[in-house]
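Let me begin by presenting the structure, written as structure tokens, before commenting on it.
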Amino acid sequence: MDVPLSELDQLARRFAGDRHDAYSGRALARAYEEFLSRRRTPLAPFVLQVDEKEYPTFFAMLADPNAKSATAELRLEPAPPAGPAWDYLRPFERLSVRPDGTGDLYPRDSGPPQRAVVRLLLREHYLPRSRSEEDRAATGGSRVSLGALFGTLEEGVSACRKSSLLPFSAALLAYLPDERIRFELDLVRSNLLADPRAGHLPSARRVRRTSRLAWGVDRAIARGDLSLLASRCLEVLIESNGLTAVELAHIFGGVRELVDSALQGLVERQWVTFDHRMAIYRPRLEAFLPAVGPITEPVRSVGPVADPALRTSVQELLAAADARATCPLCGNPLPPGPRGILCEICAAKVGTT
């Protein structure tokens with residue numbers, strides 16, 4: 001059941017006060033209807049339990065001042081059986097999160113839980129603004145970023161309350177020892193969503209990336225300066241060996257021209273390259289690993305280089321980037337060689353060693 005617009009309107013008035021005037025109320029109604037029109041495939045309804053109290057919706061928890069989000073659990077009711085609907089995800093029945101941002105993913109087959117580092121990434125949202133505030137923003141005033149990556153659920157909830165932000169959708173990012181799984185949540189309908197690639201792109205074409213690489217991608221997206229479509233295209237491209245604009249338009253069900261525009265923006269940022277001969281967009285993985293220095297020149301296709309010293313392989317470039325890798329929890333440098341996303345101390349605390 002959808003959270004009604006009236007409930008969101010009351011919450012905006014409570015958090016934003018006079019900022020949520022008649023102009024802001026109409027804008028909220030438009031944003032609400034636009035979000036509902038972009039229907040994604042639901043996988044299962046979820047129930048949220050925070051500090052041992054159960055909430056039917058995320059907004060019910062947000063409205064409760066006593067909900068501090070010290071511990072939280074997202075439970076699927078009912079949890080769907082394993083099958084094609086879970087493509088690109090990992091079947092589970094509940095995900096518990098501790099105050100330090102670590103959590104346990106309980107699989108659908110009742111096996112032992114998997115330890116993970118869990119982060120919250122805000123997606124689509126509405127920020128109450130009066131007409132005067134909107135005019136100032138349009139002329140170069142302060143803006144609030146679309147995405148934000150929070151270390152704990154409590155941080156995310158506190159940020160929403162402080163800025164009067166109403167999140168329509170979010171992603172729970174579970175960093176496992178071998179990969180990162182992204183669980184998309186429709187907060188208005190209280191649904192876990194299927195991955196947009198499910199049913200549109202064979203799962204065999206997925207290229208699994210390390211948690212450390214995914215961490216770099218997630219931080220880049222969390223800056224909030226990408227459109228939602230560009231962010232989603234980047235997430236899909238990263239886990240592939242390359243896709244065409246037609247394939248991406250099929251995945252997201254949008255207009256080809258909009259996908260082309262989003263992809264060109266990623267190329268300009270030097271996060272993606274375009275193969276003109278095959279019309280394929282490919283990710284530049286090295287752009288999301290700790291680098292020796294900023295990338296200042298675009299990648300160009302060049303002929304053979306006469307000087308052997310300049311024939312540096314991609315593996316050597318990535319090795320140089322790995323030398324600057326740090327643990328996302330404590331910030332300490334990571335040792336060279338094969339490793340996960342965490343240092344040994346943090347991995348031992350989380351239980352991933």
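The values are calculated or read from the model by the stated rules, or taken from the named source; none is laboratory data. Keep in mind that what you see is a predicted model, and the values were worked out from it rather than measured. Quick reminder, even Gly has a Cβ in these numbers, built from the backbone with ideal geometry, and neighbours come from all protein chains shown. We work out accessible area using only protein heavy atoms, side chains counted, and drop any ligands, DNA or RNA first. Shrake-Rupley method; radii C 1.70, N 1.55, O 1.52, S 1.80 Å.
Quick notes on this one:
- Among the protein heavy atoms of the range 152-258, carbon and sulfur supply 54% of the accessible surface, probe 1.4 Å, non-protein parts ignored.
- Relative protection proxy for 167-179, 204-216, from highest mean packing down: 167-179, 204-216 (other beta-carbon atoms within 10 angstrom).
- The packing ranking of peptides 117-124, 105-112, highest mean first, is 117-124, 105-112, where packing means the average number of other beta carbon atoms within 10 angstrom of each residue.
- Whole-number accessible area per residue in Å² for the range 199-295, which is evaluated in the context of all protein chains at 1.4 Å: 48
- DSSP-assigned coil residues among trypsin sites (Lys or Arg not before Pro) in the range 1-53, each with at most 14 further Cβ atoms within 10 Å: 38, 39
- Cα gyration tensor category, rounded, prolate or oblate, for the range 134-275 with a/c compared to 1.5: oblate
- Label point distance in nm, residue 18-residue 244, each placed 7 Å from Cα along Cα→Cβ: 5.8
- Cα centroid of the range 46-112 to Cα centroid of the range 227-249, whole Å: 28
- Think of a 1.4 Å ball rolled over the protein heavy atoms: the range 1-153 then has 50 Å² of accessible area per residue.
- Of the accessible area of the range 52-91, computed with a 1.4 Å probe over protein heavy atoms only, carbon and sulfur atoms account for 59 percent.
- Exposure of residue 68 as accessible area (Å², to 10), given a probe of 1.4 Å and all protein chains: 110
- Using the Cβ-Cβ distance between residue 136 and residue 276 with R0 set to 56 Å, the FRET efficiency works out to roughly 0.85.
- Cα shape, the range 221-274, gyration tensor, a/c 1.5 rule: rounded
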